[in-house]
1. Does residue 155 fit the bill of being over 24 Å from residue 119 (Cβ atoms) and modelled with pLDDT of 95 or more?
2. Specify which of the listed residues (174, 164) is in contact with a helix residue (DSSP H, G or I) (Cβ under 7 Å, 6 or more places away or on another chain) and modelled with pLDDT under 95.
3. Taking residue 123, is it surrounded by 15 or more Cβ atoms within 10 Å (Cβ to Cβ), farther than 23 Å from residue 81 by Cα and in contact with a strand residue (DSSP E or B) (Cβ under 9 Å, 6 or more places away or on another chain)?
4. Does the stretch 97-109 contain any residue that is farther than 27 Å from residue 64 by Cβ and at pLDDT below 95?
5. Restricted to the stretch 39-71, and to residues that are at pLDDT below 95 and in a loop (DSSP other than H, G, I, E, B), which residue is nearest to residue 198 (Cα to Cα)?
6. Name every residue in the stretch 130-170 that is buried (at least 24 other Cβ atoms within 10 Å of the Cβ) and in contact (Cβ under 8 Å) with a residue 60 or more places away in the chain, in order of residue number.
7. Considering each of 114, 75 in turn, give the residue that is surrounded by fewer than 17 Cβ atoms within 10 Å (Cβ to Cβ), free of Cβ contacts under 8 Å to residues at least 60 places away in the same chain and farther than 18 Å from residue 147 by Cα.
């Protein structure tokens, strides 16, 4: 019984714990468990997770989006109709990572807190989402021009290194202008809370053409 009760405390949540402490025998075992090596840490972790669960990122779907890798990058940029596009967004710096026409579900993932690139990459992998490349970012900007005026949309699936700085494609702007530019995380290696990260899931086979 002791092993089952301890598992209830540390793994099954607060409600199980509340019921168990009504058992007088359990309170004795509880004291022994907390005094055991690592017991305090395990108990605190269980209670903290119950009362202060870790925040979860938001995922917004934009449905299927076609990325046409048959088109040169310059044409994909032009199709977006941006008021400004960084001149370093070239096929040399951002070569296509796919071929043909590919339809995928486009999603934006938001964290709401400052986050490192490596943390974004790990979370997208956990969610089964592929980080967008530059071609995907351009396709998204062309189809959903209204989105980037609210939050920066970042594609971390492809980057360009210049003078030891890692640059990623970003859609930004405001109500009066739309821009496609290059940016990097701040000096602390983090992205702002307002950033949304573009990704794709449920990859389909390339379309003919």
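The values are calculated or read from the model by the stated rules, or taken from the named source; none is laboratory data. All figures in this text were calculated on a predicted structure; none of them were measured in a lab. Cβ placement follows ideal geometry from the backbone for every residue including glycine, while neighbour counts extend to all protein chains displayed.
1. no
2. 174
3. Criteria met by residue 123.
4. The answer is no; no qualifying residue exists.
5. Taking the candidates together, the pick is 57.
6. Residues satisfying the conditions are 132, 134, 135, 136, 137, 138, 139, 140, 141, 169.
7. Answer to the check: 75.
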